[in-house]
Structures are given as structure tokens and as C-alpha cells.
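**Student:** One structure coming up, written as C-alpha cells, with questions to follow.
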Amino acid sequence: MHVDTARSDYGLVTQLFHWVTAILVVAAYFLGPGGREQRAFSPSMETTRDLHETLGITVFVIVLLRILWRLFEGEVEHPGMASWISYSSKFFHLLLYALLLSIPATAIVGTWLQGHPLTLLVGEFGPFLTQAHDLGTSVMEIHTTLGDVIVWMAGLHAAVAIGHHFFLRDRVLVSMLPEWLIQPRSASRSKSAHIGT
């Protein structure tokens, strides 16, 4: 069921999905064990690896839930936005969704192919694939590359949103901010305008 509601701001649930995902992605990136397989799966990196993989799986689940939620919430419209900007935005978001799903997926597949279990804070899972170590190593290299790519894309995403706010002066950035964060500024501006008159 798709609820078609035309509005210019995202709902609270979508905002939560967005910001929680952003925080988890950054945390997972900086908590990544990194390095070669021997280092990443060494006993000294166990806690770091557990946190990294738990965060990655959490991101995977949240993104799936966000996609399902979007089917119910409907589209957010930004009146006056040029069509090429709108289409570019949709394409960019599709790329982000693809990365957010493929990064944890490649981590799981690569880890199992290398013969290691998926180690989360709640326990170990697998490996549930027939070991193919060289292939697993290649998949993990793809995982690492995609992780670097999404950080750069997230930075670009933030820069574009800021550009919309300060240069195009539309509601693209504001639409993803909670109402309690926007209201004080709006009230302050209204008060200043009233004093000026």
C-alpha cells in the first residue's frame, strides 16, 4: 500500500532512519579493522571487528526498513526544483541505497568465503558458504573499496544539501531536519522581522 501524500518535509520516522544510518555508517567506517586478513581477524582486533560487523548489519536492516517505510510514506515534493536536479537527486539516492545494501552484503559473503564466521556482539554466525578463499579475498577488497566510496558520496551528499540551503535557498536540507530544530530559528526570524517593522 502506497500512501501518496504531497508535502515538502520528511516525516519523523524517515528523519530518524536518515540520521541514524548516517551516524552508523561513519562509526562503522572508523571502527573498521582494516588491513590484511591476518590483521582483521586477529584476536587483538576481535572487539573492533565485532563492533564493525554489528554496525554494518544494523545499517543493512535499517536500510531495508527505510525502503519499506518509503512505500507507505510517499514522496516528498520540492516545488520549483529544476527537473534535472530532481532526476539527479533520485539517481544519487538510488546509488546510496545500492551501496548501503551492497557493503554489508559483500562483507558477509567475503567473510564466509574466506572461512570465517560473521562475528556480532550477540554471537557468531556461519560460515554458511563453501570456502573459496581467493574469491572471498576479492569480495572483501570490493567491500573495502565500496566503504571508501560511500564516505566520499556521503560527504558530497552533505555538501549538496548545504548548497541547496545557502545558494538555492530551498527546503531540501530543512526537510530532513526535525521540527524542534527548525522552529527556534523560524521564531527568531519572525521576531526580528516584527521588531524591524
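The values are calculated or read from the model by the stated rules, or taken from the named source; none is laboratory data. Please read these numbers as outputs of a predicted model, since none were measured by experiment. Note that each Cβ is placed from the backbone with ideal geometry, even for glycine, and that neighbours are counted across all protein chains shown.
**Student:** Taking the stated definitions as given, is residue 52 assigned to a helix (DSSP H, G or I) and within 17 Å of residue 161 (Cα to Cα)? Don't jump to the end; show me each part of the working.
**Tutor:** On the way: assigned to a helix (DSSP H, G or I): yes; within 17 Å of residue 161 (Cα to Cα): no.
Against the criterion (assigned to a helix (DSSP H, G or I) and within 17 Å of residue 161 (Cα to Cα)), residue 52 does not qualify.
**Student:** Considering each of 84, 69 in turn, give the residue that is modelled with pLDDT of 90 or more and aromatic (Phe, Trp, Tyr).
**Tutor:** Working: 84 fails: modelled with pLDDT of 90 or more.
Sole residue among the options that is modelled with pLDDT of 90 or more and aromatic (Phe, Trp, Tyr): 69.
**Student:** So in the range 128-143, with the set limited to residues that are crowded, with 18+ Cβ neighbours inside 10 Å and without any contact (Cβ under 8 Å) to a residue 40 or more places away in the chain, which one is nearest to residue 90 (Cα to Cα)? Give the steps one after another, and end with the answer.
**Tutor:** If we filter the range 128-143 for residues that are crowded, with 18+ Cβ neighbours inside 10 Å, which is where we start, we get 136, 139-140, 143.
Of the ones still in play, those that are also without any contact (Cβ under 8 Å) to a residue 40 or more places away in the chain are 136, 139.
Values: 136: 32, 139: 28 Å.
Applying the filter and picking the extreme gives 139.
**Student:** Same structure again: Residue 119 - would you say it is closer than 19 Å to residue 35 by Cβ and at pLDDT below 95?
**Tutor:** Working: closer than 19 Å to residue 35 by Cβ: yes; at pLDDT below 95: yes.
For residue 119, the condition - closer than 19 Å to residue 35 by Cβ and at pLDDT below 95 - is met.
**Student:** Sticking with this one: Name the residue that is farthest from residue 59 (Cα to Cα), counting only residues in the range 144-160 that are surrounded by 13 or more Cβ atoms within 10 Å (Cβ to Cβ) and over 15 Å from the mean Cα position of the chain (by Cα).
**Tutor:** If we take residues in the range 144-160 being surrounded by 13 or more Cβ atoms within 10 Å (Cβ to Cβ) and over 15 Å from the mean Cα position of the chain (by Cα), then 160 is farthest from residue 59 (Cα to Cα).
**Student:** Ok, one more. Consider residue 107 carefully, then state whether it is at pLDDT 95 or above, aliphatic (A, V, I, L, M) and either touching a Pro at 6+ places or on another chain (Cβ under 8 Å) or assigned to a helix (DSSP H, G or I) (or both). Quick ask: steps written out before the conclusion?
**Tutor:** Working: at pLDDT 95 or above: yes; aliphatic (A, V, I, L, M): yes; either touching a Pro at 6+ places or on another chain (Cβ under 8 Å) or assigned to a helix (DSSP H, G or I) (or both): yes.
So residue 107 fits the description; yes.
**Student:** Out of the range 31-48, which residues are without any contact (Cβ under 8 Å) to a residue 24 or more places away in the chain and among the hydrophobic types (A, V, I, L, M, F, W, C)?
**Tutor:** Of everything in the range 31-48, those that are without any contact (Cβ under 8 Å) to a residue 24 or more places away in the chain and among the hydrophobic types (A, V, I, L, M, F, W, C) turn out to be 40, 45.
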